[in-house]
Each structure stands twice: as structure tokens, then as C-alpha cells.
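Working notes, structure below.
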Amino acid sequence: MKKVISLLAVFILISAGAQNFKYGVTGNFHQGSIVNVHDVSRGKFAGGLGVFGGVPLVENDVFDSAWLYLMGNLEYNIQGENAEVNTAKYGKQKYYLDYISFQTFVKYFFHRGNMKSDIFVFAGPRIEFLVKEKRDVDPDYDLVHYKFNHDDVVNKFGYGFVVGAGVKIARQWEAFIRYDQGFSKVYPNNPRFTYNRNLGIGINYYLNENWW
């Protein structure tokens with residue numbers, strides 16, 4: 001959690017000195033899962049809410065012509081996965097993992113000269129801190145399948161990468177599609193690479209849109 005706060009503080013300090021700092025709220029609906037564990041894994045549908053801020057990295061004199069931004073998102077994301085191993089005997093296995101995440105990324109609007117398109121792409125690093133874990137699993141399933149899952153310990157901290165694309169649909173509104181790829185183990189005792197992954201859609205609402 002300290003790492004999340006530290007990175008957020010650095011971003012705020014950098015942004016505070018910028019005259020054209022933008023900010024707003026964001027929400028997303030995603031399907032997530034954890035790779036290489038729990039056998040017949042099913043993606044879990046869930047959501048996330050957060051806040052964002054950004055500053056232009058290029059500034060032109062033409063009205064609303066900045067096409068490159070440095071952005072930061074702080075979010076609460078519901079993640080985890082469902083599994084269906086021998087459901088006739090054990091029922092479904094459900095794993096709830098909630099994270100506070102922070103991602104900072106470069107946001108690029110397609111443009112021709114000073115004519116900026118409404119379409120953009122973005123990419124950058126992500127860190128996450130586990131704030132809630134819950135398992136809804138038959139104890140007999142754990143006894144039999146622990147030798148495969150090795151999921152008794154969950155990492156509190158994770159990191160990865162975010163990539164996506166979107167479109168500005170109104171003065172204060174954007175819609176986007178985003179993929180979050182984890183690079184760290186969720187279950188450190190598992191010898192395989194058990195990482196988080198999420199594919200989702202979402203919206204951004206700017207609270208101080210000034211068309212710059």
C-alpha cells in the first residue's frame with residue numbers, strides 16, 4: 001500500500017505544477033481470471049470505480065489541440081475468478097480478490113497537425129494492492145486439490161501493464177476498452193506463473209473539462 005501511495009504522491013506533485021491538469025471519475029466492467037491455477041477456471045465478471053487525473057505533454061496554441069497526455073488512475077477493482085472442478089461433488093469454487101490499483105500511462109490521440117481525432121490509445125504500468133480476500137470453496141475440494149493449486153498464500157502486492165483504446169463521445173465523456181496484464185504471481189507457493197488478467201470496458205467523466 002505504501003508503494004501505491006508513494007507513486008500517487010509523485011504523480012500529484014508533477015501534475016500540481018501543470019496549468020492544464022484534468023481530473024474526473026472513472027468506472028469499468030470487466031472479466032477477470034487468474035492464469036495456471038484452479039483447473040477449469042471461469043472468468044469472473046465484476047466492476048471497478050476510481051478517479052483519474054492527467055496533464056498534457058504537448059501544448060499547442062490551437063484550441064483543444066493537445067494530443068499527448070500523462071494520465072494516472074486510482075481505482076478499487078473487484079477481481080478474482082470462478083472455477084468448476086467436479087461441481088457435482090464440490091459445487092463451484094469462487095475466489096474473491098479486491099484490489100486498490102494505480103496505473104499511470106501515456107494517452108495518445110490520433111491527429112493530423114493540430115486537428116485532433118476523438119480516438120485515442122493508451123498504455124503504461126500498473127500496480128495493485130490486495131485489500132480483501134474471500135474463498136467460497138468446499139473444504140474437501142481444498143484437501144484433495146491443494147497439491148495442484150498451492151493457493152494457501154496470496155500475494156498482497158502485484159504489478160503489471162495496462163493497454164487500451166477509446167473514443168471521446170461528448171465534451172466530458174469518454175468510452176474505452178482496456179486490458180490489464182499482470183506480471184507477478186498471485187499465489188507465490190504455486191510453481192507456475194499465476195498472474196491476474198482483466199479485459200473490460202469503461203467510461204471516464206471529466207469534472208473540469210476545459211477542452212485543452
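Name the residue, out of ASN82, ASN77, ASN86, that is polar (S, T, N, Q), over 18 Å from VAL163 (Cα atoms) and either crowded, with 18+ Cβ neighbours inside 10 Å or in contact with a Leu (Cβ under 8 Å, 6 or more places away or on another chain) (or both). Write out each step before concluding.
Details: ASN77 fails: over 18 Å from VAL163 (Cα atoms); ASN86 fails: either crowded, with 18+ Cβ neighbours inside 10 Å or in contact with a Leu (Cβ under 8 Å, 6 or more places away or on another chain) (or both).
Testing whether each residue is polar (S, T, N, Q), over 18 Å from VAL163 (Cα atoms) and either crowded, with 18+ Cβ neighbours inside 10 Å or in contact with a Leu (Cβ under 8 Å, 6 or more places away or on another chain) (or both) leaves just ASN82.
Can you pull out every residue in region 190-212 that is of a type in the set (S, T, N, Q), more than 17 Å from SER101 (Cα to Cα) and surrounded by 15 or more Cβ atoms within 10 Å (Cβ to Cβ)?
So in region 190-212, the residues of a type in the set (S, T, N, Q) come out as 190, 194, 196, 198, 204, 208, 210.
From what's left, more than 17 Å from SER101 (Cα to Cα): 190, 194, 208, 210.
The answer is ASN190, THR194.
Looking at region 174-189 only, could you name the residues that are surrounded by fewer than 19 Cβ atoms within 10 Å (Cβ to Cβ) and either touching an Asp or Glu at 6+ places or on another chain (Cβ under 9 Å) or closer than 30 Å to ASP39 by Cβ (or both)? Steps first, answer last, please.
To start, the set of residues in region 174-189 that are surrounded by fewer than 19 Cβ atoms within 10 Å (Cβ to Cβ) comprises 175, 177, 179, 181, 183-184, 188-189.
Those that are surrounded by fewer than 19 Cβ atoms within 10 Å (Cβ to Cβ) and either touching an Asp or Glu at 6+ places or on another chain (Cβ under 9 Å) or closer than 30 Å to ASP39 by Cβ (or both): ILE177, TYR179, GLN181, PHE183, SER184, PRO188, ASN189.
Report, ordered by the first and then the second residue, all pairs with beta carbons closer than 6 Å, sequence separation of six or more or different chains, a first member in region 153-179 that is hydroxyl-bearing (Ser, Thr, Tyr), and a second member that is in a strand (DSSP E or B).
Short answer, once both residue conditions are applied: TYR159/ILE127; TYR179/VAL163; TYR179/LEU199.
I'd like to verify a number: residues in region 148-166 that are within 18 Å of the chain's Cα centre (by Cα) and either of a type in the set (S, T, N, Q) or over 16 Å from GLY32 (Cα atoms) (or both), how many? Spell out how you get there, then give the answer.
At the first step, the residues of region 148-166 found to be within 18 Å of the chain's Cα centre (by Cα) are 155-166.
Going one step further and asking which of them are either of a type in the set (S, T, N, Q) or over 16 Å from GLY32 (Cα atoms) (or both), we end up with 155-157, 165-166.
Summing the residues that are within 18 Å of the chain's Cα centre (by Cα) and either of a type in the set (S, T, N, Q) or over 16 Å from GLY32 (Cα atoms) (or both) in region 148-166 gives 5.
If only one of ASP136, ASP152 is farther than 18 Å from ILE119 by Cβ and in contact with a helix residue (DSSP H, G or I) (Cβ under 9 Å, 6 or more places away or on another chain), which one is it? Please lay out each step first, then the result.
On the way: ASP136 fails: in contact with a helix residue (DSSP H, G or I) (Cβ under 9 Å, 6 or more places away or on another chain).
It is ASP152.
Scan region 105-123 and give yes if some residue there is of a type in the set (S, T, N, Q) and surrounded by fewer than 18 Cβ atoms within 10 Å (Cβ to Cβ), otherwise no.
We begin by selecting, within region 105-123, every residue of a type in the set (S, T, N, Q); these are 114, 117.
Narrowing the set further to residues that are surrounded by fewer than 18 Cβ atoms within 10 Å (Cβ to Cβ) leaves 114, 117.
Yes, some residue in region 105-123 is of a type in the set (S, T, N, Q) and surrounded by fewer than 18 Cβ atoms within 10 Å (Cβ to Cβ).
Read the figures in this text as sums done on the coordinates, not as results from a lab. Computed from a predicted model, the values in this text were never measured in an experiment. Reconstructed Cβ throughout: ideal geometry from the backbone, glycine too, with neighbour counts over all protein chains shown.
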